[in-house]
Structure formats: structure tokens, C-alpha cells
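Undergrad: I'd like to ask you about the structure that follows.
The values are calculated or read from the model by the stated rules, or taken from the named source; none is laboratory data. Just so it is clear, the model here is predicted, and its values are computed rather than measured. Backbone-built Cβ (ideal geometry, glycine too); neighbour counts: all protein chains shown.
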Amino acid sequence: MLTIAFMLVGLSPSMAADPPNILFIMSDDHTAQAVGAYATLLKDLDPTPTIDSLAADGIVFENAFCTNAICTPSRACILTGKYNHVNGVVDLVGRIEPKDQTLPLLMREAGYQTAMIGKWHLKAEPNFDYYKVLPGQGKYYNTEFRVQGDKPWPKNVVAHKGEHSSDAITDSTLNWFKTKRDKTKPFFVCHQYKAPHDYFENAPRYQSYLKNTKIPEPATLYDTPNTWGSIATRGHQDELLAHIGTSIGKRNPRRSYAVDLYDRFPEELPSGYNVNELSEEETTRYAYQAYLKKYLRCVKGVDDNLSRLFHYLKAHDLYDNTLIIYTGDQGFWLGEKDFQDKRWAYDESQRMPFIVRYPEAIPAGQRSDALVENIDYPVLMLDYAGIEIPEGIQGRSFRSVCETGKEPAGWKQGVYYRYWMHMAHHDNPGEMAYRTKTYKLIYFYGCDYEGANQTPPGWELYDLVRDPDELVNVYDDPVYAKVRDDLKEAFAKKRKDIGDDGSHFPKCEAVVQEFWDYDEADRAKAINLSRKFRLQREAFLNRK
Ligand code: CA
């Protein structure tokens with residue numbers, strides 16, 4: 001009797017379908033501006049036809065954001081479903097121990113076969129059934145991987161001699177499908193490219209791609225209006241423009257693509273050029289073309305390799321019963337405002353491409369403006385796997401957005417951002433931001449973990465409806481006074497709600513609090529800090 005009842009339940013059409021296979025694809029630093037489904041300026045170059053085919057069959061998220069625009073912290077958010085001040089990975093030295101790798105642990109518990117292949121960048125051993133990951137940043141050529149073996153992590157290493165990393169990573173994932181996959185279980189595979197992280201190195205077969213094409217230039221490559229920014233990003237009377245944020249052109253004398261151009265990209269220079277004959281504008285133009293071409297060649301290598309992977313999935317009846325996600329670990333600057341790299345709380349680096357294809361449940365051809373954060377991605381995947389979300393996870397599932405286009409009740413109306421690595425690598429000050437669908441409020445508190453090495457604190461507010469390119473800071477515009485005050489209140493509440501309460505780095509928080517109201521005394525202090533920082537920088541550059 002019991003057996004019959006069990007069988008009847010088993011046959012019931014209302015019983016939930018089998019959990020889907022899940023393929024999570026992430027490329028390093030692949031920004032939305034260079035994904036065809038999002039691109040505007042680069043649209044005609046058709047940079048990603050394969051990724052666009054996922055988008056055409058599924059849903060494109062226009063307001064997907066990272067909470068911290070650098071590699072390791074973003075990966076930590078996706079692995080744990082927690083903000084960086086909670087998961088502990090606030091910068092590039094952070095690590096996630098095997099016991100804290102929530103996403104693969106829960107997937108395995110639910111019966112999934114799990115695999116992590118490609119760029120990892122979280123230092124500790126991956127807690128997946130199978131892994132084959134790059135050490136740290138990894139290499140573009142002769143790519144080495146850390147694998148399971150006789151020796152303890154991270155000592156078992158295999159190399160793909162003579163291969164580009166995107167080819168080697170794709171070969172490795174295909175090999176997993178061909179030789180390791182357990183057909184009795186659903187799979188959860190993370191397939192993660194190193195490309196197009198800088199310094200960009202494309203496979204030789206792409207060297208002619210775009211060679212004779214002039215890449216369209218963003219309007220702000222040569223000139224960003226002085227309505228943009230604040231004392232934090234420009235300095236008092238623009239005295240820090242050369243020292244805040246690395247550049248494409250010569251603006252930042254310490255680090256720019258103009259400086260790199262002659263050594264790294266001689267093939268992109270006009271034949272028989274004379275360094276001294278190139279004007280500043282010409283230098284910027286060549287540096288931009290070199291930067292974009294190398295970047296887009298790496299992107300093309302990713303897209304072609306995905307075509308290879310999808311071909312396999314289609315041939316083995318795995319394409320339509322797999323939830324496929326495509327994303328980058330954060331955005332990237334492609335010369336807008338003469339910036340390179342990422343890190344800033346502006347949209348170019350804060351936004352992530354995020355595309356989901358799963359035709360069994362997600363209608364084709366949708367776009368959504370729902371605000372989603374990278375801490376929500378693992379929860380979406382766990383939801384599809386039928387796994388109950390444990391206490392302590394801060395992300396939420398947005399499955400209903402994928403399937404109906406509608407936000408669930410009480411869905412977030414603002415996202416949080418925080419970049420902690422004050423003035424490291426690319427000269428970006430410590431900052432935090434609160435973004436809604438219509439506004440962005442950025443607070444550059446400008447100090448390190450100890451509250452030291454200060455740059456001038458400042459606030460910026462952008463009206464994203466009238467000014468989607470974030471070119472006019474309206475923080476001090478009286479018309480926006482109420483908007484500003486309401487947003488600051490919501491921002492402070494968000495910090496409290498998610499536990500970024502200052503307890504992690506109290507000396508830093510003292511600076512955050514000191515300049516929060518930004519009264520006249522704070523503004524006077526900021527002017528002094530601007531001058532002091534300029535003098536320090538100039539002394540440093542003169543010593544070199
Ligand atoms: Ca990255």
C-alpha cells in the first residue's frame with residue numbers, strides 16, 4: 001500500500017521537475033559595454049555573437065551590479081552570498097576557506113556533481129568534486145592549472161603548453177564533460193575565463209581581428225566636462241586630476257596606456273613613428289586603439305570558445321535542460337572619462353553583464369531593470385537547485401524576475417557598493433555608494449583601513465535618468481537637496497541593515513563618520529587634504 005502511494009506521488013504531474021543542470025560562466029573583467037546584448041558604442045563591431053544568442057533565448061539584466069569592482073571580492077560574494085565585510089574578502093589578499101564555500105557545498109549536499117574550471121583567485125583549495133584552476137591571476141600562455149592529486153593543495157600542477165588560456169580552459173571543461181561527468185546526477189559547473197583581464201594577450205589567430213578597424217571612441221576620452229566629479233576625484237581646483245584614477249592618455253603620469261603604448265604595443269603605432277612627434281591627443285588615440293583592440297581580441301577568443309562549448313552541449317542534449325548564466329566578475333573602463341581598469345563606483349565598472357538562459361522556465365527575449373547584486377547570484381542558482389537558503393546568506397533569489405519579469409514583493413530598491421583598497425594599483429580612493437534605478441550617491445571617504453593616507457573626502461550625486469553617463473555631480477545643487485538627504489538616509493540605513501557598521505575597521509569608520517554630513521568645516525579640511533596629497537604625489541614622482 002505504502003509502495004503504491006509512493007509510486008502515485010512519484011507519477012503526479014504536479015511533482016517538481018528534476019533540478020536543472022547549472023552552468024555558471026564568468027569571464028574576468030568582461031564589461032557590459034563589450035557584450036553585444038548591452039553594447040551601444042561598440043554594437044556594430046558585433047563583439048559577442050555567441051553570448052548574444054544566450055541573451056536572445058533568455059533574459060538580460062540591465063541593472064546587475066557587483067558590490068566591489070575587483071576580482072577576488074566579487075568571486076567571494078558569488079561563492080558565499082554575503083557582502084565582503086561579512087565574508088571577509090574585502091581586497092585581493094582575501095581567501096575563502098573550503099568550509100565557507102557555501103555555494104558548491106550546498107549544491108553537493110543536494111545531489112549535484114560540482115566542478116570549478118578556470119580562474120579561481122580565492123587562494124584556498126576549491127571545495128568542488130572536481131577542480132582545475134589557475135594559480136592566482138594565471139598566465140595567458142602555457143597556462144598552468146592546480147588540480148587534485150597525490151600532493152596537498154596547491155602542489156599538483158598540470159600545464160597546457162603552447163595553448164592560450166581561453167582555449168585551455170574550454171578544453172578542460174569539455175574534457176570534464178567527456179570523461180568525468182556522472183550522468184546519474186545533475187551538474188553544477190563553473191567555467192571561468194582569465195580573459196579579458198589586463199594586460200590583454202590574445203591568441204595569435206586573433207592578431208588580424210579588427211586590425212584595420214577604427215574602434216569608435218567614447219565622447220569623454222579626450223575631455224570630461226568639469227561638471228563631473230568632486231574634490232575627491234579632481235582635487236581642489238582640479239589639482240589632483242593627474243593623480244586620481246589611472247588613464248588611457250597621459251593624464252596620470254604614474255600609470256597609463258599612453259606610457260605602456262611604446263613598450264607593450266609597438267605594433268599598434270604608425271610605422272616609422274617618432275615618439276616626440278605624436279601630440280598628446282594622438283598618443284591617447286593610439287593608446288585607446290591598442291587597449292580596445294587587445295581587449296576585444298580577448299573577448300572574441302572567449303566568445304568563439306563558448307561556441308565550441310555550446311556546440312558540445314547541443315550535440316549531447318544538454319543545452320536546453322541546463323540553466324546557463326553568463327557574467328563578468330565586474331565591469332571595466334573602455335576609455336570613458338579617459339579611465340582604464342575598474343574599481344570605481346561609476347556604472348562602467350559597477351555594472352556586470354548578467355544573462356540567464358533556461359528555456360524550460362525562462363521566456364526568450366526579455367530584459368529586466370530589476371536591481372540585482374552579485375550576492376544574489378548564488379541564491380538564484382540554489383533556488384533553481386531546490387535548496388533551502390540557510391540563515392546568514394544576505395542575497396535573495398530573483399527567480400521570479402527571470403520567469404515572469406516581475407520583482408518579488410519587497411524587492412530591493414537600492415544596491416550597495418564599497419571599494420576598500422584606497423589608492424592601491426590604480427589610484428582610486430576608498431569609496432562607498434548607494435545606487436537606485438534613478439540615482440547614484442557616491443561617498444569618497446578617502447582613507448585606508450587605518451584611517452590613514454587620506455585623500456580629500458567628497459560626495460557625488462548623479463541623476464541617472466537625465467544623466468546616465470554620470471557627467472554632472474548635483475550633490476550641491478539646491479534642486480536636488482531633498483533627493484540627496486533622502487538618499488543619504490537610505491544609504492545609512494542600508495549600511496546598518498547589511499552590517500557594514502564600522503566595526504570591521506573602526507579607524508576607517510571614524511573618517512567615514514567625520515565627513516558624512518560634509519559641513520563647512522569638513523569642506524575646509526578636504527581642501528587642506530587635497531593640497532597635502534598633491535604635494536606628496538609630486539614629491540614621489542620627482543623622486544622616481
Ligand atoms: Ca576581474
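Undergrad: Pick out the one residue from Val93, Val9 that is within 16 Å of the ligand (Cβ to nearest atom) and either buried (at least 24 other Cβ atoms within 10 Å of the Cβ) or at pLDDT below 95 (or both).
TA: None of the other options fit; the residue is Val93.
Undergrad: Let me ask you something else. Please verify whether region 191-203 includes one or more residues that are more than 30 Å from Phe540 (Cβ to Cβ) and more than 16 Å from the ligand (Cβ to nearest atom).
TA: Yes, some residue in region 191-203 is more than 30 Å from Phe540 (Cβ to Cβ) and more than 16 Å from the ligand (Cβ to nearest atom).
Undergrad: Six or more apart or on different chains, Cβ atoms under 8 Å: show the pairs whose first residue is in region 325-339 and on the phi < 0 side of the Ramachandran plot and in a loop (DSSP other than H, G, I, E, B) and whose second is at pLDDT below 95 and within 16 Å of the ligand (Cβ to nearest atom).
TA: Once the first residue is on the phi < 0 side of the Ramachandran plot and in a loop (DSSP other than H, G, I, E, B) and sits in region 325-339, no partner that is at pLDDT below 95 and within 16 Å of the ligand (Cβ to nearest atom) comes close enough.
Undergrad: Determine whether Asp320 is surrounded by fewer than 24 Cβ atoms within 10 Å (Cβ to Cβ) and either without any contact (Cβ under 8 Å) to a residue 24 or more places away in the chain or assigned to a loop (DSSP other than H, G, I, E, B) (or both).
TA: The answer is yes for Asp320.
Undergrad: Could you please find all residues in region 471-513 being within 13 Å of Trp459 (Cα to Cα), of a type in the set (D, E, K, R) and crowded, with 16+ Cβ neighbours inside 10 Å?
TA: Passing the criteria: Arg484, Lys488.
Undergrad: Is one or more of the residues making up region 140-153 assigned by TED's automatic domain parsing to the domain that holds Pro20 and within 22 Å of the chain's Cα centre (by Cα)?
TA: Yes, region 140-153 contains at least one residue that is assigned by TED's automatic domain parsing to the domain that holds Pro20 and within 22 Å of the chain's Cα centre (by Cα).
Undergrad: Ok, one more. Within region 193-202, is there a residue that is surrounded by 17 or more Cβ atoms within 10 Å (Cβ to Cβ), touching a residue at least 12 places away in the same chain (Cβ under 8 Å) and more than 23 Å from Trp344 (Cα to Cα)?
TA: Taking every residue of region 193-202 in turn, at least one turns out to be surrounded by 17 or more Cβ atoms within 10 Å (Cβ to Cβ), touching a residue at least 12 places away in the same chain (Cβ under 8 Å) and more than 23 Å from Trp344 (Cα to Cα).
Undergrad: If I ask for residues that are surrounded by fewer than 20 Cβ atoms within 10 Å (Cβ to Cβ) and under 25 Å from Pro468 (Cβ atoms), which ones from region 231-248 would you list?
TA: Once the filter is applied, which keeps residues that are surrounded by fewer than 20 Cβ atoms within 10 Å (Cβ to Cβ) and under 25 Å from Pro468 (Cβ atoms), region 231-248 yields Asp238, Leu241.
Undergrad: From Thr227, Thr327, Thr220, grab the single residue that is of a type outside the set (A, V, I, L, M, F, W, C) and over 23 Å from the mean Cα position of the chain (by Cα).
TA: The unique qualifying residue is Thr227.
Undergrad: Answer yes if at least one residue in region 96-116 is closer than 25 Å to Leu306 by Cα and polar (S, T, N, Q), and no otherwise.
TA: yes
Undergrad: Being in a loop (DSSP other than H, G, I, E, B) and either small (Gly, Ala, Ser) or surrounded by 16 or more Cβ atoms within 10 Å (Cβ to Cβ) (or both) is the filter here, so list the residues in region 376-400 that pass it.
TA: Across region 376-400, the qualifying residues are Ala385, Gly386, Ile387, Ile389, Gly392, Ile393, Gln394, Gly395, Arg396, Ser397, Phe398.
Undergrad: Say whether the condition of being closer than 30 Å to Pro225 by Cβ and either within 16 Å of the ligand (Cβ to nearest atom) or of a type in the set (Asp, Glu) (or both) is met by at least one residue in region 311-324.
TA: No, region 311-324 contains no residue that is closer than 30 Å to Pro225 by Cβ and either within 16 Å of the ligand (Cβ to nearest atom) or of a type in the set (Asp, Glu) (or both).
Undergrad: Go over the candidates Thr170, Thr184 one by one and state the one that is out of contact with any Lys or Arg (no Cβ under 7 Å at 6 or more places or on another chain), assigned by TED's automatic domain parsing to the domain that holds Asn87 and of a type in the set (Ser, Thr, Tyr).
TA: So the residue among Thr170, Thr184 that is out of contact with any Lys or Arg (no Cβ under 7 Å at 6 or more places or on another chain), assigned by TED's automatic domain parsing to the domain that holds Asn87 and of a type in the set (Ser, Thr, Tyr) is Thr184.
Undergrad: Oh, and also: Residues in region 325-339 that are among the small types (Gly, Ala, Ser) and within 16 Å of the ligand (Cβ to nearest atom): how many?
TA: The qualifying residues number 2.
Undergrad: Please work out if Ser279 is in contact with a strand residue (DSSP E or B) (Cβ under 7 Å, 6 or more places away or on another chain) and not β-branched (Val, Ile, Thr).
TA: no
Undergrad: For Lys342, work out the one condition from (1) part of a strand (DSSP E or B); (2) within 16 Å of the ligand (Cβ to nearest atom) it doesn't fulfil.
TA: Looking at each condition in turn, Lys342 falls short on (1).
Conditions tested, residue by residue: (1) of a type in the set (A, V, I, L, M); (2) modelled with pLDDT under 95; (3) within 27 Å of Asp469 (Cα to Cα); (4) surrounded by fewer than 23 Cβ atoms within 10 Å (Cβ to Cβ).
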| position | (1), (2), (3), (4) |
| --- | --- |
| Pro13 | no, yes, no, yes |
| Asn21 | no, no, no, no |
| Phe24 | no, no, no, yes |
| Cys66 | no, no, yes, no |
| Arg75 | no, no, yes, no |
| Thr80 | no, no, no, no |
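Undergrad: What is the number of the single condition among (1) exposed (fewer than 13 other Cβ atoms within 10 Å of the Cβ); (2) farther than 28 Å from Ile387 by Cβ; (3) free of Cβ contacts under 8 Å to residues at least 40 places away in the same chain that Pro225 does not meet?
TA: Result: Pro225 passes all but (3).
Undergrad: Restricting to region 70-88, what's the tally of residues that are β-branched (Val, Ile, Thr) and away from the ligand (no atom under 13 Å from the Cβ)?
TA: Of the residues in that region, 2 qualify.
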